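J.: Here you go, one structure.
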Amino acid sequence: MDPATIYTEPVNLKSIEVRNGGEGMSMGATVGGTLNLKLADAVIDSNVRLSGSMASGYYSAAASVQNVLAMNYSANRWALRVSGVYRKAGDYMDGLGQRIAFSQYEKLNTSVSGKYLVSKNSLIKADFLLDDGWNIGFPALPMDVGYAKARIASLSYELKGQPGILQEMDAKVYANSVRHAMDDTRRPTVTMHMDMPGESHTLGAFFQFRLKPRGKHILKLKTDFYYNSVKADMTMYPQGAAPMYMKTWPENHQVVAGLFLEDGIFLNEKSRLDLKLRVEIASSKLADQMGKNQFAVLGYEVHQPLNRFLKNVNVSYTRFLSPLFTVYVSGGLNERSPTTSERFGFYLFNRMDNHDYVGNPLLKNEQAWNGELNLLFSTTDFSWKLTAFGSLVQHYIIGKTQPELSVMTTGAAGVRAYENIPSAKLFGAESSFNYQFFHQHFILNNTWKWLQGEDHRNNPLPLIAPIKTITSLRFLHRRLFLQAENEISLRQNQVSLDFGEKETRGYTVFNLRSGYSFAMSRYQLNFSAGIENLFNKAYAEHLDWGSMLRPGRNIYGMLTLKF
Amino acid sequence: MKKRYTIVFLLTVFAACKKDSNHTISTDPKEGLIKISEGYALGAATKVELWSQTTITTGHNKLFLALYDSLSNQSITKAGIQVLPVMDMDMNGMQMSHAAPCFQPESNQAENTLFPCAAVFTMPGAAAGQNKWSFKVTVKKEGQNNSAIALLPLEVKASLPARVKMISTADGAKLVVSCFLPANPKIGINEMELTIHRQQDKMTFLPVDDYVVSMTPEMPAMGHGSPNNINPVITKNGRYKGKVNFTMTGEWRINLGLSKAGQNLNTFFDLTF
């Protein structure tokens with residue numbers, strides 16, 4: 001669970017950076033890639049003291065409302081940004097016109113960000129994000145999330161344009177804390193009431209340096225450290241009997257320290273080589289005796305801390321073949337240690353596949369050999385990026401059904417334990433195409449993604465989405481835009497029968513969107529409206545467990561005032 | 001001057017003695033035990049005391065006997081001892097007695113002045129009245145030819161949930177099965193022990209060593225069990241030892257299957273922690 005990913009609202013985001021394979025290793029040892037969410041900063045602009053936006057929207061499928069407020073105040077040397085988002089949704093209607101009970105939610109997200117210019121080249125930044133969700137329905141479960149509360153805070157210092165060898169420095173300390181609890185008290189028929197609270201706390205810091213270019217080399221160095229502690233438990237209250245208690249996440253402490261080095265080598269005008277290296281030490285330990293005893297039941301001795309040393313290496317080569325055409329090749333070796341849940345989860349319920357999961361403290365690190373080829377073609381009106389990628393993952397971690405273990409969570413289909421299988425192959429391709437025509441009045445955009453996974457016996461891996469393509473055509477004229485979208489997902493018949501996966505039918509969904517902006521002297525008023533799932537298609541994605549149907553036709557409207 | 005030296009010398013001796021006495025830890029063998037009953041073995045000039053770790057309830061109870069010379073009050077550490085729990089019932093004037101399974105002291109030599117033994121009480125009873133339990137202790141002191149009997153009345157409360165079960169075999173015999181766990185069961189692996197006795201007659205219970213026992217714990221409220229349990233296997237004298245695993249607190253039922261020569265018997269024991 002990555003708190004920042006779940007608890008970030010789009011209004012707080014500046015950018016999202018997706019890195020495949022080992023490309024994102026500066027963020028931490030990874031095998032599958034990383035998602036780097038950059039939060040929106042306060043903006044220092046002495047010409048605009050106060051700026052901001054207010055938005056309000058309504059969505060018909062779940063009779064939901066969304067209200068957004070973002071404000072930026074700037075003085076000469078400092079600025080403060082405040083934003084808030086409130087969402088409330090009722091139960092949505094699916095494409096068959098049926099109301100999906102317990103799909104409601106309510107959520108409030110607040111963030112405060114401050115910036116202070118210490119000097120021309122250095123600044124201090126502080127961020128605080130508060131995200132409270134409550135009464136979040138899980139329609140496919142016999143219970144909902146009572147509350148989910150996240151607090152994320154950070155303080156950073158940036159130094160730029162230094163004359164010496166150390167040209168740039170970025171230092172950050174951060175802390176985040178997440179608490180959540182399941183709630184079944186709103187359900188009409190509960191066989192047994194249960195409490196399932198959990199929490200996770202993280203404290204970390206990093207220092208990042210960019211050194212003065214030396215010859216063809218640009219060196220970047222980063223060192224980071226974090227401490228994480230998690231715990232979760234479950235108490236069940238059978239009628240007329242003693243309560244039943246267990247630790248689903250026995251208290252676990254993890255300490256990770258890493259060192260990252262990047263060397264960008266500009267070989268000549270047409271080519272560039274990048275070397276990345278990360279080493280990481282990770283130590284994790286079960287801190288409570290009951291958790292150790294629970295694992296003794298499963299046959300594991302977990303008294304000693306588990307220490308791991310992880311190596312990540314990546315080499316990439318970029319060749320500018322012509323002003324229009326670029327080739328980018330990269331390859332590397334990446335490792336990741338098992339997650340806390342994979343190691344120490346004890347009958348943790350996974351709603352993705354409706355199974356209880358037990359951890360395996362003896363799991364080996366996953367080790368992946370990654371390769372990627374990118375072709376980029378772009379002119380002023382046209383760009384096309386084609387990517388092919390593949391990984392051979394050794395000691396791939398996967399949940400295997402344990403018929404001899406019995407389920408803890410009411411309604412779960414079975415128990416799975418994490419295991420290393422000898423190897424797995426993951427490969428696929430992606431395309432992203434953008435074309436502007438008719439004096440840039442029209443923009444045609446198409447993306448598709450194909451991913452295939454196989455285990456060491458060439459059987460399909462579970463939880464792999466089928467080929468999906470999204471095409472949109474946007475018409476722009478002055479302050480008006482109209483957009484038609486089509487989303488096609490193919491049938492997924494490459495399913496893991498061992499895992500109990502079933503084939504999922506393909507679907508086609510159409511969306512219409514429009515927007516108009518009224519410009520006034522000091523304000524700008526944007527109105528957007530559209531229809532999602534225009535033909536009220538009853539559909540579910542392959543990764544939606546229980547094939548719970550997605551929302552049917554959704555008519556929405558949103559008004560935004562910028563000042 | 002001489003006097004002063006003497007005082008210094010004495011002080012040193014006292015200090016040394018005090019230090020020494022601190023080092024010898026006096027261990028009372030009966031520490032943590034409860035005295036259940038006492039009586040006299042008439043003819044052997046012996047006072048017999050019965051001690052236990054807990055109050056006595058139906059099921060298996062670990063017991064300790066302490067013997068004293070009734071004249072000198074000196075502890076007797078060597079004696080041949082036979083025990084038998086006896087229930088005397090008065091049913092509207094009709095007298096009836098029966099015994100219960102028990103485990104004799106393993107040696108005629110006391111362990112730290114106590115003789116450990118055990119009994120499996122099959123029903124609750126009082127120390128006096130209509131249904132009364134007594135612990136019959138036959139003592140033969142060293143060097144004496146005759147043995148003497150002490151009858152120690154005791155109260156046995158009903159264990160809840162029951163720690164002892166009486167089941168009938170296909171051939172009509174009666175089995176007494178008792179199950180006991182550590183005083184404080186915990187989440188994780190727990191040592192567990194079973195005793196199995198067959199009733200031969202009212203006063204005789206013989207240990208049965210040749211059952212194959214299978215154990216499946218479950219939580220009746222949820223219908224789930226626990227993995228990696230170790231079925232109890234015979235150690236000796238009708239005692240079977242195994243390991244039972246609890247994955248969470250709450251109410252558990254330990255289901256037992258006893259099989260021998262193609263005959264299968266089932267029973268269960270409940271516990272809550």
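J.: Probe radius 1.4 Å, ligands and nucleic acids ignored: give me the carbon and sulfur share of the accessible area of the protein assembly as shown as a rounded percent. Walk me through the numbers before you get to the answer.
T.: Numbers: 24400 of 42520 Å².
Carbon and sulfur: 57 percent of the exposed surface of the protein assembly as shown.
J.: When the scattering of the range A:373-453 is computed by the Debye formula from its Cα atoms alone, each counted once and equally, what is log10 I(q)/I(0) at q = 0.19 Å⁻¹?
T.: Cα-only, vacuum Debye calculation for the range A:373-453: -0.88.
J.: Peptides A:540-547, A:108-115: what's the order by average Cβ count within 10 Å, highest mean first? Write down the numbers at each step before the final one.
T.: Values: A:540-547: 16.1, A:108-115: 19.4.
My ranking of the peptides, most packed first, is A:108-115, A:540-547.
J.: Another question, then. Under a straight-distance cross-link criterion of Cα-Cα below 15 Å, which aspartates and glutamates are reachable from residue A:172, leaving out those fewer than 8 residues away in the same chain?
T.: Of all the aspartates and glutamates, those that pass the test against residue A:172 - Cα under 15 Å, at least 8 places apart if same chain - are A:41, A:127, A:158, A:224.
J.: At 0.890 mPa s and 25 °C, plugging the Kirkwood radius over alpha-carbon pairs of the protein assembly as shown into Stokes-Einstein gives what diffusion coefficient in µm²/s? Each step should come with its number before you reach the end.
T.: On the way: Rh = 33.7 Å.
Diffusion coefficient, whole number: 73 µm²/s.
J.: Using the Kirkwood radius over C-alpha pairs as Rh, can you work out the diffusion coefficient of the range A:271-426 via Stokes-Einstein at 25 °C, viscosity 0.890 mPa s, in µm² per second? Walk me through the intermediate numbers first.
T.: Details: Rh = 18.6 Å.
Once the numbers are plugged in, D ends up at 132 µm²/s.
J.: Output needed: percent of Cα pairs per 5 Å distance bin for the range A:422-562, bins running from 0 to the one holding the longest distance.
T.: 2, 9, 14, 15, 15, 13, 11, 8, 6, 4, 2, 1, 0, 0
J.: According to the Cα gyration tensor, what semi-axes, each the square root of 5 times an eigenvalue, does the equivalent ellipsoid of the range A:485-563 have, listed from largest to smallest in whole Å?
T.: Working: eigenvalues 299, 29, 20 Å².
Largest first, the range A:485-563 gives 39, 12, 10 Å.
J.: Treat the range A:175-282 as a sphere of radius equal to its Kirkwood radius over Cα pairs and apply Stokes-Einstein at 4 °C in a medium of 1.567 mPa s; give the translational diffusion coefficient in µm²/s, rounded to a whole number.
T.: Details: Rh = 18.3 Å.
D, rounded to a whole number, is 71 µm²/s.
J.: In whole Å, how far is the Cα centre of the range A:150-203 from that of the range A:368-411?
T.: 26 Å
J.: For the range A:385-525, what does the relative contact order come out to in percent, with C-alpha contacts under 8 Å and a separation of six or more? Before the final figure, lay out each step's value.
T.: Values: 300 pairs, mean separation 23.3, N = 141.
After rounding, I find 17 percent.
J.: How high is the relative contact order of chain A, in percent, counting Cα pairs under 8 Å that sit 6 or more residues apart? Intermediate results must be reported in sequence, preceding the final value.
T.: Details: 1584 pairs, mean separation 53.7, N = 563.
Result for chain A is 10 percent.
J.: Residue by residue through B:222-233, how many Cβ atoms from other chains fall within 10 Å of the Cβ on average? Walk me through the numbers on the way to the answer.
T.: Numbers: counts 10, 3, 8, 3, 5, 9, 6, 1, 0, 0, 0, 0.
So the per-residue partner count for this stretch is 4.
J.: Moving to a separate point now. Of all the Cα-Cα pairs you can form in the range A:130-207, what percent are over 17 Å apart?
T.: Values: 1848 of 3003 pairs.
Considering the range A:130-207, 62 percent of its Cα-Cα pairs are separated by more than 17 Å.
J.: A further question follows. Relative to the longest principal axis of the C-alpha atoms of chain B, give the angle of the C-alpha long axis of helix B:2-23, reported between 0 and 90° and rounded to the nearest 10°.
T.: 0 degrees
J.: Quick one: length gained pulling residue A:444 to residue A:212 fully straight, 0.36 nm per residue minus the C-alpha distance? If you can, show how the numbers build up before the last one.
T.: On the way: separation 232, 0.36 × 232 = 83.52 nm, distance 4.21 nm.
Net length gain for the segment: 79.3 nm.
J.: Ok, one more. Ignoring ligands, DNA and RNA and using a 1.4 Å probe, state the total buried accessible area between B and A in Å², rounded to the nearest 100. Show your work: numbers first, answer last.
T.: Working: alone 15450 and 28680 Å², together 42520 Å².
When B and A are taken together, about 1600 Å² of accessible area is lost.
J.: Within a 10 angstrom radius of each residue's Cβ in A:406-413, how many Cβ atoms of other chains show up on average? Whole number is fine. The partial results should precede the final answer.
T.: On the way: counts 9, 3, 5, 2, 2, 0, 0, 0.
That average works out to 3.
J.: Quick one: which of A:406-418, A:318-330 comes out on top by average Cβ neighbours within 10 Å, and what's the full order, highest first?
T.: On the way: A:406-418: 19.5, A:318-330: 14.2.
The most tightly packed comes first, giving A:406-418, A:318-330.
J.: For the range A:507-550 and the range B:129-147, what is the centre-to-centre distance using only Cα atoms, to the nearest Å?
T.: Taking the Cα centre of the range B:129-147 as reference, the centre of the range A:507-550 is 91 Å away.
J.: Now a separate question. Given R₀ = 30 Å, FRET efficiency for residue A:67-residue A:168 by Cβ-Cβ distance, to 0.05?
T.: Working: r = 39 Å, r/R0 = 1.30.
Calculated transfer efficiency: 0.15.
J.: Please give the per residue accessible area of the protein assembly as shown, computed with a probe of 1.4 Å over protein heavy atoms only, in Å². Before the final figure, lay out each step's value.
T.: Values: 42520 Å² over 836 residues.
I get 51 Å² per residue for this part.
J.: For the residue pair residue A:497 and residue A:267, what label-to-label distance in nm results when each label sits 7 Å from Cα along the Cα-to-beta-carbon direction?
T.: Those two pseudo-labels are separated by 4.8 nm.
J.: Which net charge results when you count Lys and Arg as +1 and Asp and Glu as -1 among the other residues whose beta-carbon is under 14 Å from that of residue A:269? Please list the in-between numbers first.
T.: Details: positive: A:216, A:270, A:272, A:319; negative: none.
Here the charged neighbours net out to +4.
J.: Going down the table (B:165/B:186; A:222/A:276; B:35/B:174), which pairs top 20 Å between alpha carbons?
T.: With Cα atoms farther than 20 Å apart: B:165/B:186; B:35/B:174.
J.: When the accessible area of each residue in the range B:243-265 is compared between its chain alone and the complete protein assembly (1.4 Å probe; ligands, DNA and RNA ignored), which residues differ by at least 10 Å², being lower in the assembly?
T.: Residues passing the criterion (a loss of at least 10 Å², heavy atoms only) are B:245, B:247, B:248, B:249, B:250, B:251.
J.: Please report the projected area of the range B:66-208's Cα convex hull averaged over all directions, in nm². List each step's numbers first, then the result.
T.: Details: hull surface 48.6 nm².
With every direction weighted equally, the projected area is 12.1 nm².
J.: Please give the average number of partner chain Cβ atoms lying within 10 Å of the Cβ of each residue in A:239-248, rounded to a whole number. Can you show the working numbers first?
T.: Details: counts 1, 2, 6, 7, 6, 10, 5, 6, 2, 1.
Mean partner shielding for this stretch: 5.
J.: Separate question: Can you give me the Kirkwood hydrodynamic radius for the range B:184-273, using every pair of distinct Cα atoms, in Å to one decimal?
T.: Values: mean 1/r = 0.0716 Å⁻¹.
Hydrodynamic radius (Kirkwood, Cα only) of the range B:184-273 equals 14.0 Å.
J.: Based on the alpha carbons, how large is the Rg to Rh ratio for the range A:206-359 when Rh follows Kirkwood?
T.: On the way: Rg = 23.1 Å, Rh = 19.3 Å.
Reported Rg/Rh, Kirkwood definition of Rh: 1.20.
J.: Separate question: With a cut-off of at most 14 other beta carbons within 10 Å, and DSSP calling the residue loop, which GluC sites (Glu not before Pro) in the range B:93-173 qualify? Please list them.
T.: On the way: sites: B:106, B:111, B:142, B:155; in loops: B:106, B:142, B:155.
The qualifying sites are B:106, B:142.
J.: Once you list every other residue whose beta carbon is under 14 Å from the beta carbon of residue A:292, what net charge do they have if Lys and Arg are +1 and Asp and Glu are -1? Kindly include the intermediate steps, with their values, before the conclusion.
T.: Numbers: positive: A:231, A:247, A:285, A:343, B:186; negative: A:251, A:288, A:301.
Charge balance near residue A:292 sits at +2.
J.: Sticking with this structure for a sec: Give me the aspartates and glutamates in straight-line cross-link reach of residue A:285: C-alpha distance below 13 Å, same-chain residues under 8 apart excluded.
T.: Within the straight-line cut-off, residue A:285 pairs with A:251, A:301.
J.: Still on this structure, please answer the following. Could you grab the Rg to Rh ratio for chain B? Cα atoms only, Kirkwood for Rh.
T.: Rg divided by Rh gives 1.12.
J.: Let me ask something else. On alpha carbon coordinates alone, what is the Rg over Rh value for the range A:381-502, Rh being the Kirkwood radius? Working shown, then result.
T.: On the way: Rg = 20.8 Å, Rh = 17.7 Å.
A ratio of 1.18.
J.: Under 10 Å from the Cβ of residue B:228, count the other residues' Cβ atoms, weight Lys and Arg +1, Asp and Glu -1, and hand me the total.
T.: Working: positive: B:243; negative: A:404.
Around residue B:228, the surrounding residues sum to 0.
The values are calculated or read from the model by the stated rules, or taken from the named source; none is laboratory data. What you see is a predicted model; the values in this text were computed from it and never measured. We place every Cβ from the backbone using ideal geometry, glycine too, and count neighbours over all the protein chains shown. For accessibility, only protein heavy atoms count, side chains too; no ligands or nucleic acids. Shrake-Rupley method; radii C 1.70, N 1.55, O 1.52, S 1.80 Å.
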